[in-house]
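Below you'll find the structure, written out as structure tokens, and then a few comments.
The values are calculated or read from the model by the stated rules, or taken from the named source; none is laboratory data. Everything numeric in this text was worked out from a predicted model, so none of it was measured. As a convention, Cβ positions derive from the backbone with ideal geometry for all residues, glycine included, and neighbour counts pool all protein chains shown. To get the accessible areas, we keep the full protein, side chains included, count just its heavy atoms, and leave off ligands, DNA and RNA. Shrake-Rupley method; radii C 1.70, N 1.55, O 1.52, S 1.80 Å.
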Amino acid sequence: MMYDLIIKNARTLENQPIEVAIFDGKIAEIAPEITAESSEILDAKQDFISAGWIDAHVHCFEKMSLYYDYPDEVGVKNGVTTIVDAGSTGENNIRDFYELSKNAKTNVYALLNISKDGIVFQDELADLTKVNEAKNLARIQELSDFIIGIKARMSQSVIGKNGVKPLILAKKLQKKADLPLMVHIGTAPVVLEELMTYLTAGDIVTHCFNGKDNGILDKDGKIKEFAKKAYQDGVHFDIGHGTDSFNFQVAMQAKAEHILADSISTDTYLRNRLDGPVYNLATTMEKLIYSGYSLEQVISRVTVAPAKALRLVTKGQLAIGFDADLTLFQVNTHANKHLTDSNHAIVETSVQITPTTAIISGKIYHIQNKGS
């Protein structure tokens, strides 16, 4: 048959030759060498290839003023084929976001903020009259192809004096909507130990390795027992780096105690993309490699893991029948690059990951790398 695109001369993570054929927006054939005819050929020039990278926590609704960005700036231009906006908008403004997202080359999905306007102001859950279950359910049903989960931000600056009440409302909505729930953790109240008691297997805790007092490390620098239990019970730990939510020491201590983040995401928006410390998903991946993860572990945490957690059943795998979303990238193991966490700790890494090409639904997007 005549394929739409064949990617030739690529490498697997195990340094084996691999070629990928695409037809009608899907992966149609995978082999060390493909000899069939194709309308288009892409020479990967020995770059690594993986399923398209997924960033499960960004803020990319450009009409917002507090946390905002542009989908393709955080997505395809950085080798990321799918992005998930984590609660920027609520039922009152997410339709506008949905319509605007159609203009992006990047695949865009959203987590619905349970507060009607999302993050217009920092304290969107301080007034619980802004949380309307019936309207949330109606919007989820209306935009079922776009809204793939629910978001509740549970830190002091967001919830005001409401304590755990917003989380209880989010869990009730989750049960009725049957969607994944992402919970932002930060400063107390709510105390993290109490918050964790409301979470069940599959719930996503984002900012899992933040360096705050209300985080997962105790005063002796060890992982708190309740955090270990939550992880072992299947609560999904997501990085959600952000301006203030990733700490090298926490990440490395967690790894030493056999707790690895389930997914790697950036919590990027315009400011921390341009000025750091986030910059892009590849840089965040490098930080986890510095913290002791292998390249294979990092790639799985930006592909198959977020796809599974957010039920993106046609994405996240380099396999026949899956969406033709792919990322080509290079890995320099002799780099001399400095990385900065959210608490201003600076480290030097020898590993630099550079995406070169993003392929979305079989369409090729070459990346102009500016460095970070």
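Quick notes
- Rounded accessible area per residue of the chain, 1.4 Å, Å²: 42
- Peptide packing for 28-41, 324-337, 238-251 was compared via the average number of neighbouring C-beta atoms within 10 Å per residue; ordered from the highest value, the list is 238-251, 324-337, 28-41.
- Segments 350-358, 179-187 sorted - mean Cβ within 10 Å per residue, highest first: 179-187, 350-358
- Taking all pairs of distinct alpha-carbon atoms in the chain, Kirkwood radius in angstrom: 20.7
- Surface composition of the chain: carbon plus sulfur atoms contribute 48% of the solvent-accessible area (1.4 Å probe, protein chains only, all chains present).
- Rounded, prolate or oblate (a/c below 1.5 giving rounded, otherwise prolate when a/b exceeds b/c) for region 165-248 by Cα gyration tensor: prolate
- Peptides 315-323, 265-273 ordered by average Cβ neighbours within 10 Å, highest first: 265-273, 315-323
- Once the chain from ALA188 to LEU66 is taken as fully extended at 0.36 nm per residue, the excess over their C-alpha distance is 41.8 nm.
- Bridge type composition, the chain - antiparallel percent by DSSP, nearest 5: 50
- Region 159-218-region 75-142 distance, computed between alpha-carbon centres (Å): 18
- Here's how it looks for LYS337: its modeled amide H is under 5 Å from those of THR349, which are all 5 or more places away or on a different chain.
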